[in-house]
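This report concerns only the one structure given below.
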Amino acid sequence: MSTEPVELPPLPGRCRSNLLIKTLLLIFIFAISFSVYFSGTWPTFIVLLDPVYPTNTELEHEPTENPFREMSVDDIMRSVWDDLPADGNFSSIESSSSGQHSVVNLEQPGAQYCVGDSLIVLVNMKDHRGNPKVHGGDFILARIHSPNLQASASGEVTDLLNGSYRVRFRLFWPGDVLVSVLLMHSSEAVGILRRISAHNYDKIIYTGTFYSGNKTEQSQCGIRLKADRPLCEYRKKEDAEYYACVRPKTLSCSTLRTMRSRNGPISNMARDERLLLSRKNIGIEMRNSFGPVKVISCPAGTHRPTEKCVAGFGMTSPSPSGYFFRNRWSSTSCQTGNFFSADAISRCLKGRNLKLMGDSTVRQWQETLIKTLKGLKYVNPYDTHYYALVVDPQRNITVQWKMHGHPFVTGYNVVKDAVGYIFREVDRVAVDDVVVIGVGQHFRPFPLEIFVQRLINMRKAILRLHKRSPQTLVIIKLENTRELDSDMTHLSDWFGYVQNLAQRKVFRDLKVVLVDAWDMTTAANTFAIHPNSMIVSNEIALALSHLCHDA
């Protein structure tokens, strides 16, 4: 074999440059390793190198990465639970957190505060014996308010994981400001809620009715049924959505027409655990060691956002996302428009199709618009419970609401084919439509992974929509709080809080608008599954602020 050197053709300029850089880098790494090996310490040095930037030609040939990463149910579930503190183990009611015995203190008391300042309070949690708690995990909601000014805002709660909680409020208006901190659930109650929800698909029981000609049969349906009986399974592998019914004796699976629901029993709960989730232990206001806080207008004042409201802002909005003053919601991220009058709303919606998809809290938008815009009339003058269409022919405004697909919690019969999975409805959206999505309340009784799977399917549909129509506006309405006398084992606001966390994670990198109904209803202290007209009108005004910036 010849040992004569072989002369290679000269390398192109860019290749020679890359080879030189790699050679220098290897020499550099070897020198550091040599120094560490013999001295036992890392050398101190300063390296001054000119940065190397790719040329325009190189950039043109770089592979383009998809900025929207694939998400799995496990990814989101893990991320949500990582954000939540460990809950407490229930041993007795006496050792659980007590709102009546706990105290709220000002962390740095002052004679007065300026508009724009932060107000910090410290919650010292105690049990029913008056002993300090030593771990976190309690579910707390907090707000400031001035009733005479119709002003309120939520507070940001930080769990210090030692039985204490720090709550930060931003002061948005001058006057006497009251602080209200509610213990919604003790950490022990949260632990019970987590336990009875994990892998429990039987909190809601469905009855399906099969029709063929004059013949009907009924059978049990559900998201998960035991396979000890023949089943009719309704699924599509591409979206992982699934539910099943016990196969009727004579009729085929394709004849399933309606379903209705009822609450199923929860057998794995002790008497004291049920008592801990009863109304007298929910939403307890903790005692303040101080009175109203005096807030004044100072020369520096508070910064008001000057940016227009655009899609994409919402998922990274600060806490709180806004505040009420004179019953009008002002966003802390962007300029909220005055979309409360019929003229302002009709100018914004003229020539538009508004597609409302989800539960009845989104249908409230349609009902409010009908009351405000007298030209809107039902195309079908009856309530079908799962679909409604109203039109103003003069202004060419269409507002359609459609109930989301299974699961739903309702005592009336829902026609299976009349409701629609939102992600499939989004695939039918036209270029000039405006999409509003609001889901969650009907998912609260089920394990979190059911809701997360639905969110991921909606995320994929929104990405497909924006690929074919980048300018189509998509609005996500978060869940709102609901009645404190609801069945907590099925419908607790803690479930809604966790589901809202999941929504933020799934949609946070998409070009969508966030209407934070949770923040609004926490600030206003409404606790109603169907918030009052003041809340709904402000939800609509915030959404339209993203649609019509100059109105």
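The values are calculated or read from the model by the stated rules, or taken from the named source; none is laboratory data. Note that the structure is predicted; figures quoted are calculated from it, not measured. Every residue, glycine among them, receives a Cβ derived from its backbone with ideal geometry; neighbour counts consider all protein chains shown.
Things worth noting here:
- For the stretch 496-516, the count of residues that are assigned to a helix (DSSP H, G or I) and of a type in the set (D, E) is zero.
- The set of residues from the stretch 202-250 being touching a strand residue (DSSP E or B) at 6+ places or on another chain (Cβ under 9 Å), surrounded by 13 or more Cβ atoms within 10 Å (Cβ to Cβ), acidic (D, E) and farther than 15 Å from N413 by Cα comprises D202, E241.
- Entry remark, the stretch 394-416: residues being more than 26 Å from the chain's Cα centre (by Cα) and outside any strand (DSSP E or B) number 7 in total.
- Looking only at the stretch 395-409, and only at residues there that are closer than 14 Å to Y378 by Cα and of a type in the set (A, V, I, L, M), the one that is surrounded by the most Cβ atoms within 10 Å (Cβ to Cβ): V399
- Condition met for N131 (in contact with a strand residue (DSSP E or B) (Cβ under 6 Å, 6 or more places away or on another chain), of a type outside the set (K, R) and surrounded by fewer than 22 Cβ atoms within 10 Å (Cβ to Cβ)): no
- Residue check, L256 in contact with a Lys or Arg (Cβ under 9 Å, 6 or more places away or on another chain) and in contact (Cβ under 8 Å) with a residue 60 or more places away in the chain: yes
- The number of residues in the stretch 386-403 being within 19 Å of R262 (Cβ to Cβ) and either out of contact with any strand residue (DSSP E or B) (no Cβ under 9 Å at 6 or more places or on another chain) or of a type in the set (S, T, N, Q) (or both) comes to 0.
- Only residues that are under 25 Å from L544 (Cβ atoms) and among the hydroxyl-bearing types (S, T, Y) were counted in the stretch 384-413, giving 2.
- Among the strands (runs of 3 or more DSSP E) confined to the stretch 120-174, the ones with at least 3 residues that are more than 21 Å from the chain's Cα centre (by Cα) are located at 139-146, 164-170.
- For the stretch 438-463, the candidate set comprises residues that are touching a residue at least 60 places away in the same chain (Cβ under 8 Å) and more than 25 Å from R224 (Cβ to Cβ); within that set, the residue that is farthest from the chain's Cα centre (by Cα) is L463.
- In the stretch 369-388, the residues that are farther than 23 Å from G496 by Cα and in a loop (DSSP other than H, G, I, E, B): L373, K374, G375, L376, V379, N380, P381, Y382, D383, T384
- Only residues that are part of a helix (DSSP H, G or I) and farther than 17 Å from S330 by Cβ were counted in the stretch 537-551, giving 1.
- Leading residue by the ranking (nearest to V179 (Cα to Cα)) among those in the stretch 517-532 that are of a type in the set (A, V, I, L, M, F, W, C) and in a loop (DSSP other than H, G, I, E, B): F527
- Checking each residue of the stretch 417-439 against the condition of being of a type in the set (D, E, K, R), within 26 Å of S197 (Cα to Cα) and not in a loop (DSSP other than H, G, I, E, B) gives no match.
- Taking every residue in the stretch 223-249 that is under 20 Å from F210 (Cβ atoms) and touching a residue at least 12 places away in the same chain (Cβ under 8 Å) and pairing it with any residue that is part of a strand (DSSP E or B) and polar (S, T, N, Q), at least 6 positions away or on another chain, the pairs with Cβ-Cβ distances below 8 Å are C245/S219; C245/Q220; V246/S219; V246/Q220; R247/S219; P248/Q218; P248/S219.
- Against the list (1) at pLDDT 95 or above; (2) under 30 Å from R262 (Cβ atoms), the condition H406 fails is (1).
- Residues in the stretch 451-474 that are surrounded by fewer than 21 Cβ atoms within 10 Å (Cβ to Cβ), not hydroxyl-bearing (S, T, Y) and not in a helix (DSSP H, G or I): P470, Q471, L473.
- Flag if V391 is hydrophobic (A, V, I, L, M, F, W, C), over 25 Å from T521 (Cβ atoms) and assigned to a strand (DSSP E or B): yes
- Of residues in the stretch 418-437 being more than 22 Å from the chain's Cα centre (by Cα) and touching a residue at least 60 places away in the same chain (Cβ under 8 Å), the one nearest to T255 (Cα to Cα): V429
- Matching residues in the stretch 500-549 - criterion: being in contact with an Asp or Glu (Cβ under 8 Å, 6 or more places away or on another chain) and at positive phi: F527
- Strands (runs of 3 or more DSSP E) contained entirely in the stretch 191-247, each with at least 3 residues that are in contact with a Ser or Thr (Cβ under 7 Å, 6 or more places away or on another chain) and aromatic (F, W, Y): 204-212
- As a summary of the residue check, E479 satisfies the conditions (1) crowded, with 23+ Cβ neighbours inside 10 Å; (2) modelled with pLDDT under 95 except for the one numbered (2).
- Qualifying residue in the stretch 218-231 (condition: within 20 Å of Y497 (Cβ to Cβ) and in contact with an Asp or Glu (Cβ under 8 Å, 6 or more places away or on another chain)): no
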